[in-house]
Amino acid sequence: MEVRRGTKYARAPIRRAKQRPSGIMARRKPDPASHLAGELAVKLTAFVVRAFLCALGASPALAQSVPLVVQDAWIRGAPGADVAAAYLSVHNVTATPVTISSVSSPTAAHVMIHETSVENGQSRMRPHERLVVPAGQTVKLQPGGVHGMLQGLKRPLTVGEQVPLVLVLAGGSTVQVTATVRPLNAE
């Protein structure tokens, strides 16, 4: 053991790591308390950031960042029919394209994305497998174009009723939407 010389701590011994026979210096075991303190500091920082965002008026769901903003969701109801068409505007707030792979609703057996087109003077409706919303763009599902087709309605829809829709995105995340039922002649 060495003793420090020339300082006011001249008598204090210098502690060195023990050397193994192989010549490798032994390491001290990490202190579990300091590791837990580090984890706690990270969690506390994340909590403070979320609280700050909420204080600024952001929703707690901001941390999960919803890539699509849906507006003007409505359904054209037809009395006595077991189908209905859903329309809405979808805005992509991210810097990458977002793909809507499917739509579902508890009020229908299934919902398909369809596209209406006019060929030779006749209106035709065809399935539209996936709907891609380009980065920073808005896609409108509207009469005479792309729309959601609710098929196998479980009960008749009434004007003014709120119908839940779920947009399923390519990565598996979902966007919850509420659409208002409008009369058959709504545009």
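The values are calculated or read from the model by the stated rules, or taken from the named source; none is laboratory data. Worth saying up front: this structure is predicted, and the values here are computed from it rather than measured. FYI the Cβ positions are ideal-geometry reconstructions off the backbone, even for glycines, and counts take in every protein chain you see.
Filter the range 78-106 down to residues that are in a loop (DSSP other than H, G, I, E, B) and touching a strand residue (DSSP E or B) at 6+ places or on another chain (Cβ under 7 Å) and give me whichever is modelled with the lowest pLDDT. Ranking the qualifying residues of the range 78-106, first place goes to Ala78. Among the residues in the range 89-99, are any more than 14 Å from Gln151 (Cα to Cα) and touching an Asp or Glu at 6+ places or on another chain (Cβ under 6 Å)? Yes, the range 89-99 has at least one match. A residue that is modelled with pLDDT of 95 or more and within 24 Å of Leu184 (Cβ to Cβ) can be found somewhere in the range 128-140. Looking at Gln151, Gln176, just one residue is without any contact (Cβ under 8 Å) to a residue 24 or more places away in the chain, on the phi < 0 side of the Ramachandran plot and not hydroxyl-bearing (Ser, Thr, Tyr), and that residue is Gln176. The test for being touching a strand residue (DSSP E or B) at 6+ places or on another chain (Cβ under 9 Å), surrounded by 14 or more Cβ atoms within 10 Å (Cβ to Cβ) and either in contact (Cβ under 8 Å) with a residue 60 or more places away in the chain or on the phi < 0 side of the Ramachandran plot (or both) does not hold for Ala109.
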